[in-house]
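Below is one structure, written out as structure tokens; the observations come after it.
The values are calculated or read from the model by the stated rules, or taken from the named source; none is laboratory data. These figures come from a predicted structure and were not determined experimentally. Don't worry about glycine lacking a Cβ; one is built from the backbone with ideal geometry, like all the others, and counts go over all protein chains shown. These area figures cover heavy atoms from the full protein model, side chains too; ligands, DNA and RNA do not enter into them. Shrake-Rupley method; radii C 1.70, N 1.55, O 1.52, S 1.80 Å.
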Amino acid sequence: MPKSSLKQTLKDLETKKISIRELNQDYLKRIKENENLNVFIHFSEENVLKQIDNLENNNSEKKLKGIPIAIKDLFCTKNMPTTAASKILENFHPTYESFVTQKLLDEGSIFVGKTNLDEFAMGSATNTSFFGNTINPLSKENEPLAPGGSSGGSAAAVAADLCLGATGTDTGGSIRQPASFCGVVGIKPTYGLCSRWGIAAFASSLDQAGIFSHNVEDASILLKSIAGFDQRDSTSAKVDIPNYFENLDDDLNGKTVGIPKEYSIDGTPMEISQIWEDAIKVLEKKGVKIKNISLPHTKYALPTYYIIAPAEASSNLARYDGVKYGFRSEEIDSLDEMYENTRAQGFGREVKRRILIGTYVLSAGYYDAYYLKAQKVRKLIADDFNKAFKECDFIVTPTAPSAAFPLNEKQNDPIKMYLNDVFTVPASLAGLPGISIPFGKDKNNLPLGIQILGKHFDEQQVFNAAVSLERSYE
Amino acid sequence: MKIDKNTINKIARLSRIKLDGKESEDYIKDLNSILDWVEQLNEVNTENVEPLSNISSSILPKREDVSNDTNSSEEILENAPDKLEGFFAVPKVVE
Amino acid sequence: MNNLIKGEKYDWEMVIGLEIHAQVKSNSKLFSSSSTKFGSSPNSQVSLVDAAMPGMLPVINKYCVEQAVKTGVGLNAKINNYSVFDRKNYFYADLPQGYQISQYKYPIVGEGKVTIDFKDGTSKDIRIVRLHLEQDAGKSLHDQNPSKTYVDLNRSGVALMEIVSEPDIRTPDEAGMYISKIRSILMYLDTCDGNMQEGSLRADVNISVRKPGDEYGTRCEIKNLNSIKFIKQAINYEAKRQIEILESGGSIEQNTMLFNTSTGKTRPMRNKEEAHDYRYFPDPDLLPLEISKEEIGKIKSSIPELPDELKNKFIETYKLSNYDASVLTAEKQTSDYFNETINSDPELKNHAKIVVNWITSELFSLLNKNNQDLNNSPVSPENLGQLIKLISTNEISGKIAKDVLEDMFSSGKTARQIVDEKGLQQVTDQGEIAKVIDEVIAENPKMVEQYLAGKDKLLGFFVGQAMKLTKGKANPKMLNDILKQKLNKKN
């Protein structure tokens, strides 16, 4: 059965072809049928029904009225607990609603549940969650696949058609990579486009909220809903948010696409190089000028990221100490013991690994060699992009170096896992908008993704290129 | 080897994370391999490069000095694992 | 000046530097909009940001930035156009974020200096290293429960200015004068309420001792002193402790000390933290703080007269002594009171010295006796001015004026009211005074004889008798003159 798009559903609701209740009951049914995927950390049918009741009694016009949306469990929500997939936030009930989720509520959407993720968004397979793995809906029987991560639950929710859209966060690829693994669209906008207020922080200078959807049009509708200035976030951008959907234009004639040579990496599977070439060919046919560009510091993006992100995380996660909220260990003979046991028992292995490495690179005697050095290389990486974007309107690359891999692969070697983000991390460091769209399949018929990067706050160009490629592929 | 037993104990202590023996060994291994890997940054010449802390090019927004937050103490204490007489409670500290 | 203290074996010099924490006088906190009001019920002035709830973010208070700049100007310091907020990472129960937002590498205010004045007319500059903005922590209460420490976050996130001095201070008295001077400047600028009891102003003292001419010794830091008396006590005790150790061949361990206000002793913190490693790094939730030259200029032009400027003005305008002028300007409320008094009547400008005396001795001692503050003095500057005017125009004598002031203080009436009601006007009628003197002379013939025989001291006796008869209201000068005249006539 073809999945219904957000665009179509909005029309059907408007013409009363379907009611809000019928629509959501359809989704509720599928959610219950797919419990084995472990997509949701929190799901309550009762809560969804209550939201339907409320909306049925509400006559005001809202842009997303009745639309079922899944929320990554990193966004604080008033009516559902928030865990960040960590034991340390056990039983945490925020008394506040994040900026992004509040906007979605204001538009009348229905939250079907809180989706699974890597603990505190640290991971690339949704396998570091305290609440167990999420299974990629595209898995074949007996061979469960990872949905990617960290927003694997949200990507899987869209892929399994358990919602019409989902929120995610992307620090180094956590929207784009799982979108690619699950065969859905995922956009990480420019750093600062969506307020971080109310999102449990991982790495503040990189974290950015974004959207998963079935197609580019839907993503353009949803992104507009969650973007905008927020005075409670000092890094929130004061920019006008265009109507991406109405402005969508798949005519790319006369545009220039940048193809960075550094993204041809040894060991990349043939199929991935192939879809990249295919995408370039399609663009060429559409009258797009192909420009070979160089982003010389690409190779250093991953090590840079794996210094900066853990450093910020080691400080951001210091607030989880068993005093104000969440889990507190039982072994608490002294304040220090309370801290050490609470954090030892409350955090999982990957989170602890990153806290430790982050603490180390900031510690006396190592700050300059690691953290400061990484910040300088980050500057060079950002400069590479600035230079490249003088010569092109957008950049096209593969999203990930592989298709979805088996659930338990790559667990024991952190660096191998980190390499998943090789194509997504550079744009994160530069704060640029990026989208991943499904574009081709590998030999096992698993989806592969193409990534389109744009200039700061030029989400429109990213959407236009994406919709153009998407339409040519369909 | 950059991280030895002493170092891992020191940073675990700074991070307030208790590690048992087996865990420390695993982390010593992990952290050393990560640090060896990031070592490649030394190939990059960063002389006269300004460190980049935040990608935002805007200026720090400032708020007016108005006190208008109206959270009740009940709300602030709602999620506390231990609270007594309107306070957060923790094991006794001897200064 | 000899600032050395004697040990058993050697003379020692103290080397002292102060880190003053001054709470910015603002309505809301440095990075959140909860109230800064003192003394509210626990955890009632805590925002989600102050409690470090997940996903909460800091947004800086513009007014606090301006107050820091203002203070920097008052400290004759360099204002930095570019400064950065860093995170200082450590764990403590009353530090909800697990880090304090502070300024490390790039403070908002750089080097400056303040001058302290000694009684003997000399003065000394104390150099300021920097002033930076930072968040206050919450409060831990250790004695409310036998097995638990309580945490109140009302204070968490309140804006502090940390003012760091060079180790230019050499005696406990200098330390006291330095913090008094800083307090005075802050209060003139109105950037801090200066209330040490409530903790709005407190200091950490770094102190070491050395033999004169030697390098600096190892220092200890005494934390969180909230009165000038305690600062002096703590320094004295700590210096003696260090000297005893050094003279008996030991060495000083660099330590953080606590001062016990009831025993007057310092001791190392029991919960000795391992070598600090605060892992400062720029707070990624905030951008660098940039202040333009124009903004600094605007703030500069809004700054009121500071104590040193005012002191010089008083000396020049009213021909006051350096000492009188510095007493008047030590506290803003005193110089304000003086200004209001002297401006209440044009005539008083010619009697500035009298005005100073009536404020700093008579009024102050009444306030002291009644445990009151000049700010809510029952005698207004206008009323005091009226009283002084009555003295300067000879309507009442100075002696009677003291009684009148006491009456004003307790009844709240004006000087004029009291003088009129009680008929205290000075008697300046020559005839009336002469009549009284005649009476006194007539009643004391023996005394007159002795006086005329050369016992000059008896003049006072006659004055006293005459004053008694006029109930103290006779103009003393006239009384004296007429008395001498009449007695000499008898000769």
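Take A:Thr83 and tell me if it is at negative phi, in contact with an Asp or Glu (Cβ under 7 Å, 6 or more places away or on another chain), crowded, with 24+ Cβ neighbours inside 10 Å and not in a loop (DSSP other than H, G, I, E, B). Spell out the reasoning first.
Values: at negative phi: yes; in contact with an Asp or Glu (Cβ under 7 Å, 6 or more places away or on another chain): yes; crowded, with 24+ Cβ neighbours inside 10 Å: yes; not in a loop (DSSP other than H, G, I, E, B): no.
For A:Thr83, the condition - at negative phi, in contact with an Asp or Glu (Cβ under 7 Å, 6 or more places away or on another chain), crowded, with 24+ Cβ neighbours inside 10 Å and not in a loop (DSSP other than H, G, I, E, B) - is not met.
Read through the list (1) over 22 Å from B:Glu39 (Cα atoms); (2) part of a loop (DSSP other than H, G, I, E, B); (3) under 25 Å from the mean Cα position of the chain (by Cα), then give the number of the only condition that A:Leu317 fails.
(2)
When residues of region B:15-34 are filtered for being part of a helix (DSSP H, G or I), open to solvent by less than 20 Å² (accessible area, probe 1.4 Å) and facing chain A (nearest Cβ under 8 Å), how many remain?
4
Where in region C:262-359 are the helices (runs of 4 or more DSSP H), entirely inside, with at least 1 residues that are open to solvent by less than 60 Å² (accessible area, probe 1.4 Å) and within 29 Å of C:Leu30 (Cβ to Cβ)?
Fully inside region C:262-359 and qualifying: C:293-301, C:307-318, C:332-342.
Looking for whichever is at the interface with another protein chain (Cβ under 7 Å from one of its Cβ atoms) and surrounded by fewer than 24 Cβ atoms within 10 Å (Cβ to Cβ) here; the options are C:Val84, C:Val65. Which one fits?
C:Val65 is the lone residue from the list that is at the interface with another protein chain (Cβ under 7 Å from one of its Cβ atoms) and surrounded by fewer than 24 Cβ atoms within 10 Å (Cβ to Cβ).
Quick check: anything in region A:377-397 among the charged types (D, E, K, R), within 30 Å of B:Glu47 (Cβ to Cβ) and in contact with a helix residue (DSSP H, G or I) (Cβ under 8 Å, 6 or more places away or on another chain)?
yes
Would you pick out the residues in region A:332-391 that are buried (at least 23 other Cβ atoms within 10 Å of the Cβ) and of a type in the set (Gly, Ala, Ser)?
Answer for region A:332-391, where residues must be buried (at least 23 other Cβ atoms within 10 Å of the Cβ) and of a type in the set (Gly, Ala, Ser): A:Gly346, A:Gly358, A:Ala374.
What number of residues within region C:220-231 are more than 13 Å from C:Asn260 (Cα to Cα) and either in contact with a helix residue (DSSP H, G or I) (Cβ under 9 Å, 6 or more places away or on another chain) or outside the structural domain of C:Pro167 (by TED's automatic domain parsing) (or both)?
Final tally of qualifying residues: 2.
Could you list, in sequence order, the residues of region C:196-220 that are under 24 Å from the mean Cα position of the chain (by Cα) and open to solvent by less than 50 Å² (accessible area, probe 1.4 Å)?
Once the filter is applied, which keeps residues that are under 24 Å from the mean Cα position of the chain (by Cα) and open to solvent by less than 50 Å² (accessible area, probe 1.4 Å), region C:196-220 yields C:Met196, C:Gly199, C:Ser200, C:Leu201, C:Arg202, C:Ala203, C:Asp204, C:Val205, C:Asn206, C:Ile207.
Within region A:78-105, restricting attention to residues that are among the aliphatic types (A, V, I, L, M) and within 12 Å of another protein chain (Cβ to nearest Cβ), which residue is farthest from A:Thr342 (Cα to Cα)?
A:Val100
Which condition breaks for B:Asp65 when tested against (1) over 18 Å from the mean Cα position of the chain (by Cα); (2) buried (at least 19 other Cβ atoms within 10 Å of the Cβ); (3) facing chain A (nearest Cβ under 8 Å); (4) modelled with pLDDT of 95 or more?
Going through the list (1) over 18 Å from the mean Cα position of the chain (by Cα); (2) buried (at least 19 other Cβ atoms within 10 Å of the Cβ); (3) facing chain A (nearest Cβ under 8 Å); (4) modelled with pLDDT of 95 or more, B:Asp65 breaks only (3).
Any residue that is surrounded by fewer than 24 Cβ atoms within 10 Å (Cβ to Cβ) and more than 14 Å from chain B (Cβ to nearest Cβ) - is there at least one of those in region A:145-153? Outline the logic, then answer.
In the first step, residues of region A:145-153 are kept if they are surrounded by fewer than 24 Cβ atoms within 10 Å (Cβ to Cβ); the result is A:145.
Filter once more, keeping what is more than 14 Å from chain B (Cβ to nearest Cβ): A:145.
Scanning region A:145-153 turns up at least one residue that is surrounded by fewer than 24 Cβ atoms within 10 Å (Cβ to Cβ) and more than 14 Å from chain B (Cβ to nearest Cβ).
Residue by residue through region C:97-129, note down the ones that are part of a loop (DSSP other than H, G, I, E, B), open to solvent by 10 Å² or more (accessible area, probe 1.4 Å) and of a type outside the set (Gly, Ala, Ser).
Listed by number, the residues that qualify are C:Gln97, C:Tyr104, C:Lys105, C:Tyr106, C:Pro107, C:Glu111, C:Phe118, C:Lys119, C:Asp120, C:Thr122.
Can you name every residue in region C:14-59 that is within 30 Å of C:Glu215 (Cβ to Cβ) and either among the small types (Gly, Ala, Ser) or open to solvent by 30 Å² or more (accessible area, probe 1.4 Å) (or both)?
Within region C:14-59, C:Gly17, C:Glu19 meet the criteria.
Here's a check for you: in region A:422-452, which residue that is outside any helix (DSSP H, G or I) and within 14 Å of another protein chain (Cβ to nearest Cβ) is most open to solvent (accessible area, probe 1.4 Å)? Before the answer, list the steps.
Within region A:422-452, the subset outside any helix (DSSP H, G or I) is A:422-424, A:431-452.
So of that shortlist, the ones also within 14 Å of another protein chain (Cβ to nearest Cβ) come out as A:422, A:431-434.
Working: A:Val422: 28, A:Gly431: 1, A:Leu432: 4, A:Pro433: 0, A:Gly434: 0 Å².
This residue is A:Val422.
Among A:Ile357, A:Ile332, which is the only one that is assigned to a helix (DSSP H, G or I), more than 10 Å from chain C (Cβ to nearest Cβ) and more than 21 Å from B:Val49 (Cα to Cα)?
Every option except A:Ile357 fails the conditions.
Within region A:97-199, considering only helices (runs of 4 or more DSSP H) that don't extend past its boundaries, which have at least 3 residues that are of a type in the set (Val, Ile, Thr), closer than 20 Å to A:Leu6 by Cα and at pLDDT 95 or above? Write out each step before concluding.
On the way: elements: A:99-106, A:152-159, A:176-182.
Helices (runs of 4 or more DSSP H) meeting the threshold: none at all.
Name every residue in region A:230-260 that is touching a strand residue (DSSP E or B) at 6+ places or on another chain (Cβ under 6 Å) and surrounded by fewer than 19 Cβ atoms within 10 Å (Cβ to Cβ), in order of residue number.
A:Thr256
Criterion first (within 14 Å of another protein chain (Cβ to nearest Cβ) and either outside any loop (DSSP other than H, G, I, E, B) or touching a Cys at 6+ places or on another chain (Cβ under 9 Å) (or both)) does C:Pro54 satisfy it?
It is true that C:Pro54 is within 14 Å of another protein chain (Cβ to nearest Cβ) and either outside any loop (DSSP other than H, G, I, E, B) or touching a Cys at 6+ places or on another chain (Cβ under 9 Å) (or both).
Tell me yes or no: at least one residue of region C:383-395 is surrounded by 14 or more Cβ atoms within 10 Å (Cβ to Cβ), closer than 23 Å to C:Ala330 by Cβ and within 20 Å of the chain's Cα centre (by Cα).
No; the residues of region C:383-395 include none that is surrounded by 14 or more Cβ atoms within 10 Å (Cβ to Cβ), closer than 23 Å to C:Ala330 by Cβ and within 20 Å of the chain's Cα centre (by Cα).
Can you tell me how many residues in region A:407-418 are in contact (Cβ under 8 Å) with a residue 12 or more places away in the chain, in contact with a helix residue (DSSP H, G or I) (Cβ under 7 Å, 6 or more places away or on another chain) and in a helix (DSSP H, G or I)?
2
Go over the candidates B:Ala80, B:Ala89, B:Ala12 one by one and state the one that is small (Gly, Ala, Ser), part of a helix (DSSP H, G or I) and either closer than 21 Å to A:Leu89 by Cα or open to solvent by less than 30 Å² (accessible area, probe 1.4 Å) (or both).
From the options B:Ala80, B:Ala89, B:Ala12, the qualifying one is B:Ala12.
Between C:Lys486, C:Lys402, which is basic (Lys, Arg) and within 22 Å of C:Leu363 (Cβ to Cβ)?
Within the list C:Lys486, C:Lys402, the selection yields C:Lys402.
So which residues in region A:51-76 are open to solvent by less than 10 Å² (accessible area, probe 1.4 Å), more than 14 Å from chain B (Cβ to nearest Cβ) and part of a loop (DSSP other than H, G, I, E, B)?
Filtering region A:51-76 down to residues open to solvent by less than 10 Å² (accessible area, probe 1.4 Å) leaves A:52, A:64, A:66-76.
Filter once more, so that each one left must be more than 14 Å from chain B (Cβ to nearest Cβ): A:52, A:64, A:66-75.
Matches in region A:51-76: A:Leu64, A:Gly66, A:Ile67, A:Asp73, A:Leu74.
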